[in-house]
Amino acid sequence: MTHVTTEIASQPDCWHTAMSLRPAGLPTTGERVAVIGCGTSLYMAQAYAVLREQAGEGETDAFAASEYPAHRGYDRVVAITRSGTTTEVLDALARARAAGIPTTALTGDLATPIAGAADTVVDLSFADEQSVVQTRFATTGLLVLRTHLGLTPAALPAEAQLAVDGELPKAVLEATQFTFLGTGWTVGLAHEAALKLREAAGAWTESYPAMEYRHGPISVSGPGRVVWIFGEAPAGLLEQVSATGAEIWLGGIDPLADLIRAQRLAVAIAEAQGLDPDQPRNLTRSIVLATP
């Protein structure tokens, strides 16, 4: 069994633990916050930024760490970094610190440079991973942030278990192309689902805000392809997708739990192709750039 398969299956337990945490250093009501990350962590940052604003907690922007605008006047910078070693994240935190902005980092490894780069560090080492492909660290980090906002349903770990245990439909497993759609905070989940399939299986995947799907991307849909919607579908969208002949996936559970199914799909496609989902092509656990 691959590491990623074990890590995906462990998410209900990780989420139980995450829901009990009350970490220091997370944004307080009214703070203007920038959330940064790279790859998967960026998409979790995007999801959290929308959740926080929708909760009325304050203006929240998400950036790829390399694009963090240090000239803006934020009250706090939050970094999501599994490895604690990613160069762009460390550089962004250094720029925030130089500007006198408080910083907080969520990480899976305290024995890394992130421990000295952020003012407050949230220890998520119980959700760290051996696989290059991120699964449980990302969802657990988002769950910690979501719980801090008071937006985590008590039954969420049980829904995660349903996503771990349930069968994936044959039509989805055999599809040749996948389009993931979301609205609001689930746009970040759609981007992450597409990334998982690209990383683990080299699959043809796209992701968009659901209302943007009809502005061009619908042209790739058709028989043998899947349109996967996280959360509620906008009015009229299902009918238009159905008319293309594509398979429609509606999770029927919390979108974060439904992301587990997309993770499982990525592994299943990779293994069907004889690929190792733990070691995706051209990727490493962390991007550490050489000092000029």
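Worth pointing out:
- Within a Gaussian network of the chain (alpha carbon springs, distance under 10 Å), most fluctuating of Glu192, Glu271, Glu239: Glu239
- Calculated accessible area for the chain comes out at 40 Å² per residue, all protein chains present (probe 1.4 Å; ligands, DNA, RNA ignored).
- Accessible surface of the chain [probe 1.4 Å, protein heavy atoms]: carbon and sulfur percent: 53 percent
- Relative contact order of the chain, defined on C-alpha pairs under 8 angstrom at six or more residues apart (%): 20 percent
- Among Ser66, Ser219, Ser41, residue whose mean-square fluctuation peaks in a GNM of the chain (springs only between Cα atoms under 10 Å): Ser219
- Choice from Val35, Val220, Val121 with maximal GNM fluctuation in the chain (Cα, 10 Å cutoff): Val220
- For region 168-173, putting each phi into the Karplus relation 6.51 cos²θ - 1.76 cosθ + 1.60 with θ = phi - 60° gives couplings of 8, x, 4, 4, 6, 4 Hz, in residue order, rounded to whole numbers and with x for Gly and Pro.
- Computed about the Cα centre, the dipole magnitude for region 149-210 is approximately 120 debye when only Lys and Arg (+1) and Asp and Glu (-1) carry charge, each at its Cβ.
- A P(r) calculated from all alpha carbon pairs of the chain, with 5 Å bins opening at zero, reads 1, 6, 13, 17, 19, 17, 13, 9, 5, 2, 0 percent.
The values are calculated or read from the model by the stated rules, or taken from the named source; none is laboratory data. The shown structure was predicted, so the numbers you read here are calculated from the model rather than taken from an experiment. In this analysis, Cβ positions are derived from the backbone assuming ideal geometry, glycine residues included, and neighbour counts consider all displayed protein chains. For accessibility, only protein heavy atoms count, side chains too; no ligands or nucleic acids. Shrake-Rupley method; radii C 1.70, N 1.55, O 1.52, S 1.80 Å.
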